[in-house]
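Just passing along the structure, written as structure tokens.
Bear in mind that the values in this text are calculations on the coordinates, not laboratory data. The shown structure was predicted, so the numbers you read here are calculated from the model rather than taken from an experiment. A quick note on method: Cβ atoms are made from the backbone with ideal geometry, for glycine too, and the neighbour counts reach across all protein chains shown.
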Amino acid sequence: MSKFKIEFSSPVKIEWVRIVTEWREKITVSKKIEVIELVFDQEVQLNNFDPLHIVLLSCFIDEIQTKGYIVRLSFTDDDLHNYLFNEINLKTYWGKNKIDHIDSPVISDFNIWRITENGKEYYSISVLDYFKRSYFSGFDLSSLKNALNELYFNVFDHAEAHGNAFSFIRYDKEEGKIRVAICDFGKGIGRTLRKRYANFDNDCIALENSIKVGISARTQKYNKGFGLDNVTSALKKGDVFRIVSNEALLQIEDDSLNIKTFKIPFDFRGTLIYFDVAIESFEKEEILENFSFFE
């Protein structure tokens, strides 16, 4: 018998964030073995299950287990069940030992990666190598690598997530886009910046400023800023970038001149970043032929 049954009745992303936020407040530390069941109704299917759902679900499972519960997943869609358990091996991440990463046989997916401080410099290199081997040989993916570096470092510079941070990346061949999602259950960008900058009156203002050059929480001696300006400045037509943190959502479409922020009616304690990068934005690598340093 489950202590809680948490129902995800829709794939709508902001609704998932709301449900997770509300239940994080309700679930206290368990003093005995109890089960929490996560139920995915018929509208939540493999064809609408995005990287955002995967990283948010991963963080949620991690927190529930840390509080001492057993997590059970219940599906209506058999394809989604097969994908999560047999293709991205979700269960393996919470076995006797918490692993950081396991390769997925689905070639379009760079599988779940638990973001750890020791591995943060290696992640972006692995992603770059993976996509070059699989799809994009001859393309310059350095802008994607730099963006991921900034985001992974950001988790450890500011989040204080205590290991509860995950990323997932997928290549959508039909849409011609790389989809990236990163989630941590830390303090949140909004709260972190508002603590340092008294003139940031709300989380919307804090998120707007988080993508500006030089805005910093200075939580590390070497830290110069959140680095999000390096990510957003690389956006081109067709790209979309979003942040949900604390009581705000920031959205950028096409480039860093088209910015919108929205107040959300709950406090998401953490940071959820997800963005799409159009393949056409990557340039071909220039190869110098017959070149000798001594000529």
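Can you work out the PRE-style zone for Ile107? Point 7 Å along Cα to Cβ, and I want the residues of the range 75-89 with backbone N under 15 Å.
The answer is none, because no backbone nitrogen lies closer than 15 Å to the label point.
Given the options Ser245, Ser134, Ser58, which has the most mean-square fluctuation in a GNM of the chain, springs set between C-alpha atoms less than 10 angstrom apart?
In this elastic network of the chain, the residue with the biggest mean-square fluctuation among Ser245, Ser134, Ser58 is Ser134.
Which of these, Asn246, Asn86, Asn118, has the largest mean-square fluctuation under a Gaussian network model of the chain (Cα springs below 10 Å)?
Asn118
Compute the Cα gyration tensor for the range 1-93, then decide on rounded, prolate or oblate, letting a ≥ b ≥ c be the square roots of its eigenvalues: rounded whenever a/c is under 1.5, prolate when a/b is larger than b/c in the other cases, and oblate in all that remain.
It comes out prolate by the Cα gyration axes.
Mean residue ellipticity at 222 nm from the helices of the chain, using -39,500 (n - 2.57) per DSSP H segment of n ≥ 4 over the full residue count, to the nearest 500 deg cm²/dmol?
For the chain, the value works out to -8500 deg cm²/dmol.
Taking the Cα-to-Cβ direction at Asp41 and at Asp129 and moving 7 Å from each Cα, how far apart do the two end points lie in nm?
Computed distance between label sites Asp41 and Asp129 equals 4.4 nm.
Which of Leu257, Leu57, Leu128 moves the most in a Gaussian network model of the chain with Cα springs under 10 Å?
Among Leu257, Leu57, Leu128, the largest mean-square fluctuation in the Gaussian network model of the chain belongs to Leu257.
Check the straight Cα-Cα distances from Lys195 and name the lysines below 23 Å, setting aside those fewer than 8 residues away within the same chain.
Lys187, Lys212, Lys221, Lys224, Lys260, Lys263
Another question about this same structure. Taking R0 as 35 Å, what FRET efficiency do you get between Lys195 and Thr76 from their Cβ-Cβ distance, rounded to the nearest 0.05?
The pair Lys195/Thr76 has a calculated efficiency of 0.25.
Quick check: pseudo-label points 7 Å beyond the Cα along Cα→Cβ at Lys91 and Phe4, how many nm apart are they?
The answer from the label model is 2.3 nm.
I've got another one for you. I need Cys204, Cys183 ordered by Cβ neighbour count within 10 Å, fewest first.
Cys204, Cys183
Which FRET efficiency value, to the nearest 0.05, do you get for Glu253 and Lys212 by plugging their Cβ-Cβ distance into 1/(1 + (r/R0)^6) with R0 = 25 Å?
So the FRET efficiency works out to roughly 0.85.
Note the angle between two axes, namely the Cα long axis of helix 13-26 and the longest principal axis of the Cα atoms of the chain, as a number of degrees from 0 to 90, rounded to the nearest 10.
The helix 13-26 is inclined about 50 degrees to the chain.
Work out the FRET efficiency for Lys237 and Asn146 from their Cβ-Cβ distance, taking R0 = 25 Å, and round it to the nearest 0.05.
Here the calculated transfer efficiency is 0.80.
Using the Karplus equation 6.51 cos²θ - 1.76 cosθ + 1.60 (θ = phi - 60°), what ³J(HN,Hα) coupling, rounded to whole Hz, does each residue of the range 174-179 give in order, writing x for Gly and Pro?
Residue by residue, the range 174-179 yields 5, 8, x, 9, 9, 10 Hz.
Taking Cα extents along the principal axes in Å straight from the coordinates, which label in (i) 55, 43, 42; (ii) 90, 47, 45; (iii) 76, 49, 33 is the correct one?
(iii)
Give me the distance between the Cα centres of the range 236-287 and the range 6-70, rounded to whole Å.
23 Å
Could you derive backbone 3J(HN,Hα) for the range 60-69 from the dihedral phi with the Karplus parameters 6.51, -1.76 and 1.60 (θ = phi - 60°), listing whole Hz in sequence and x where the residue is Gly or Pro?
Calculated HN-Hα couplings, in order: 5, 4, 4, 5, 4, 5, 4, 7, x, 9 Hz.
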